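See structure below.
The values are calculated or read from the model by the stated rules, or taken from the named source; none is laboratory data. The model shown is predicted, which means the values in this text are computed figures rather than measured ones. Using ideal geometry, Cβ is built from the backbone for each residue, glycine included, and neighbour counts are taken over all protein chains shown.
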Amino acid sequence: MADSSKIEGKVVSVSRSGEHKFSKEVCEEIVLIKDFGVDGDAHAGVTVKHRSRVAVDPAQPNLRQVHLIHSELFNELEEKGFSVSPGDLGENILMEGIDLLALPRNSLLRIGNSAVVKVTGLRNPCEQINDFQKGLLAAVACKDEEGNLIRKTGIMSVVLRSGSVFPGDRIKIELPSQPYRKLERV
């Protein structure tokens, strides 16, 4: 991982949905609320809100308050014949310029003027993605040369500092202390 003072990206779009559905609506601004998530989003809360996780233990902490995806994934998917637009994969923040999947756990993302989120892990794509576009799951959950599963559908985070996020905002990365812990699904 490079020197964190040089790792910077940019917000491409922001999305939220008050309903539990696969895609989210693109909007002009989202507001991140400390220890809660995206204001007005169905997945915001102190405890887990994803239905499959609620079924297992509704009291577990919500490590999936804010979902970020790198726009470079959309370009990769387009080359494979898929058509994916901002908000389609349920992300809250679509950004460019940072290899999100290579960040270590507990990295901080300083977004815009005041918002800060802490990376908790990888988003695990599920079968619903094939309902959105047939065959998409295989394109975003594939195996590397050693047979390890690569989950490409972004990262999850929790809000450490509240703030508004707009398209065009800069994102600066602050890496945690070493040794780094690699991202796992949350």
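Taking the listed residues N113, N75, N92, the one that is of a type in the set (S, T, N, Q) and surrounded by 16 or more Cβ atoms within 10 Å (Cβ to Cβ) is N92, with no other qualifying. When you scan segment 74-81, do you find a residue that is in a helix (DSSP H, G or I), touching a strand residue (DSSP E or B) at 6+ places or on another chain (Cβ under 9 Å), under 17 Å from G154 (Cβ atoms) and not acidic (D, E), even just one? For segment 74-81, residues in a helix (DSSP H, G or I), touching a strand residue (DSSP E or B) at 6+ places or on another chain (Cβ under 9 Å), under 17 Å from G154 (Cβ atoms) and not acidic (D, E): present.
Can you find a residue that is farther than 24 Å from L63 by Cβ and charged (D, E, K, R) anywhere in segment 120-131? Even if it seems obvious, please write down each step before you answer.
Our first condition is that a residue be farther than 24 Å from L63 by Cβ; within segment 120-131, this holds for 130-131.
Pick out the ones that are also charged (D, E, K, R) and you get 131.
Yes, the conditions are met somewhere in segment 120-131.
List the strands (runs of 3 or more DSSP E) inside segment 129-175, counting only whole elements, that have at least 2 residues being modelled with pLDDT of 95 or more. Walk me through it before giving the result.
Values: elements: 141-143, 149-151, 155-161, 163-165, 170-174.
Ranges flagged: 155-161, 163-165, 170-174.
One residue stands out in segment 120-136 among those that are under 22 Å from K49 (Cα atoms) and touching a helix residue (DSSP H, G or I) at 6+ places or on another chain (Cβ under 8 Å): the one that is surrounded by the fewest Cβ atoms within 10 Å (Cβ to Cβ), namely E127.
Screening segment 87-142 for residues that are under 19 Å from V14 (Cβ atoms) and among the acidic types (D, E) and picking the one that is nearest to the chain's Cα centre (by Cα) gives E91.
Tell me, yes or no, whether segment 154-168 has at least one residue that is surrounded by 14 or more Cβ atoms within 10 Å (Cβ to Cβ), free of Cβ contacts under 8 Å to residues at least 24 places away in the same chain and touching an Asp or Glu at 6+ places or on another chain (Cβ under 8 Å). Within segment 154-168, none of the residues are surrounded by 14 or more Cβ atoms within 10 Å (Cβ to Cβ), free of Cβ contacts under 8 Å to residues at least 24 places away in the same chain and touching an Asp or Glu at 6+ places or on another chain (Cβ under 8 Å). Yes or no: segment 29-46 includes at least one residue that is touching an Asp or Glu at 6+ places or on another chain (Cβ under 6 Å) and within 22 Å of Q133 (Cα to Cα). Taking every residue of segment 29-46 in turn, none turns out to be touching an Asp or Glu at 6+ places or on another chain (Cβ under 6 Å) and within 22 Å of Q133 (Cα to Cα).
Take the conditions (1) of a type in the set (D, E, K, R); (2) in contact (Cβ under 8 Å) with a residue 60 or more places away in the chain; (3) crowded, with 19+ Cβ neighbours inside 10 Å; D41 misses just one of them, which is (2).
Taking the criterion of being closer than 17 Å to N124 by Cα, among the hydroxyl-bearing types (S, T, Y) and either at pLDDT 95 or above or in contact with a Leu (Cβ under 8 Å, 6 or more places away or on another chain) (or both), the only residue of segment 15-66 that qualifies is S23.
Are any residues in segment 104-116 within 16 Å of L63 (Cα to Cα) and either outside any loop (DSSP other than H, G, I, E, B) or out of contact with any Ser or Thr (no Cβ under 9 Å at 6 or more places or on another chain) (or both), and if so, which ones? So that I can check it myself, show each step before the final result.
Residues of segment 104-116 that are within 16 Å of L63 (Cα to Cα), as a first pass: 104-109, 116.
Result: P104, L108, L109, V116.
Does F74 fit the bill of being touching a residue at least 40 places away in the same chain (Cβ under 8 Å) and aromatic (F, W, Y)? Show your work before the answer.
Values: touching a residue at least 40 places away in the same chain (Cβ under 8 Å): no; aromatic (F, W, Y): yes.
Answer is no for this residue.
Restricted to segment 18-62, and to residues there that are in a loop (DSSP other than H, G, I, E, B) and among the acidic types (D, E), the residue that is farthest from the chain's Cα centre (by Cα) is D57.
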